[in-house]
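Participant: Could you have a look at this structure, given as structure tokens, before my questions?
None of the figures in this text is laboratory data; all of them are computed from the coordinates on show. Predicted model, so just to flag it, every value in this text is computed and none were measured. Here the Cβ positions follow ideal geometry from the backbone for every residue, glycine too, while neighbour counts run over all protein chains shown.
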Amino acid sequence: MLTNLQAAEAWIEFPGGSGDCEIPQATQAIIRERQWRQIDPRTGAAAADDIAISRWEDPRSTSSHQATTPDDRYFVGIALKATRAKLTRDRQVIFDGTMPAGTLYLTAPSKPLAVQFQSPCAFLHFHISADHFPEQSSATEGLNDLVLLRDPLAAELAKALIELGDAADHEFTRCIGQTLAMHLARLELPRAKVNALPKWRLRRVEQYVADHFHRGISLSELAKVAGLSRMHFAAQFRVATGYRPREYLLNHRIEHAKMLLAATDRPLAEIALAVGFSTQAHFSTVFKRISDQSPARWRLANKGERREVQALPPRRPSTERDWISAAA
């Protein structure tokens, strides 16, 4: 089952860090994985440390992997960039949809998990000893197949690690891992359960927004495209994407505006109208809220770039979080 609580306001993709430097694996605090969720035993990290952190990146448009969590550890993954993924176990679908940058998912000890990525991906992986979680607590009972589409604290912890890159030392990474473990152990697990919007309905809505974002689109209109009531559509769309429908539309408009700002010399007022805003003032307000820069400043910094509209554009930071719980 999938569960939705409050969605966060925004997320930006993390920088790549300094991972291109050649540092012996045995001295790295963040290990580069050669297989998904697998740490090279030659590093000694998984066996010797109660908290080990690794990084997985795959530039391929599609890939499939599977792994089993060790019997004495919890596994936590945090997405560093937006990707589409399908998580399954024993033919049961745990999650199937878009994981925005900052998505956190967790697997309990001794649990196998398979994944199909449908776009390039990058993740930080935390391998945390079960000793860091209280035994038989209400929290640990639900810490399996838990997917959080938005978790600001986890996002900031991951960002701190990525910004240091290979300069991060073992003491610092262990402190980050301990903080994450304490955070997860204290989560109040969701109760109300909502299914994610089926993929075929989601594709129809995404295409409709792409075709009509330049004009006003109501919630009722999108619900009709999906073939659901307004209430059911809004809840299921939010579970599937991490966005409220209105947020998704605004972010889509801003991403298209960025393409026009970078590739053309059209005036701001003209661009505002072209992407669906009634006034330049409203356009500028929304643009700065989402991008942390005014349209003019953003244009100066990105002039001449060729940009493509993204299905799930970056979003601004938030103090809220969005949940999905698929615990059996």
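Participant: Take peptides 175-186, 154-165, 95-106 and line them up by average Cβ neighbours within 10 Å, highest first, as a rough protection proxy.
Facilitator: The peptides rank, most packed first, as 95-106, 154-165, 175-186.
Participant: Evaluate the Debye formula for the stretch 168-249 with equal point scatterers sitting on the alpha carbons, no solvent, and hand back log10 of I(q)/I(0) at q = 0.11, 0.26, 0.27 Å⁻¹, in q order, two decimals.
Facilitator: Results for the stretch 168-249 at q = 0.11, 0.26, 0.27 Å⁻¹ read -0.46, -1.24, -1.31.
Participant: For the cross-link pairs 224/303; 86/159; 81/258; 81/303, which exceed 28 Å when the distance is taken from alpha carbon to alpha carbon?
Facilitator: Values: 224/303 39 Å; 86/159 24 Å; 81/258 19 Å; 81/303 23 Å.
Pairs exceeding the cut-off: 224/303.
Participant: When each pair of different Cα atoms in the stretch 199-302 is counted once in the 1/r mean, what is the Kirkwood radius in angstroms, to one decimal? Could you put the intermediate results ahead of the total?
Facilitator: Working: mean 1/r = 0.0697 Å⁻¹.
Kirkwood radius, the stretch 199-302: 14.3 Å.
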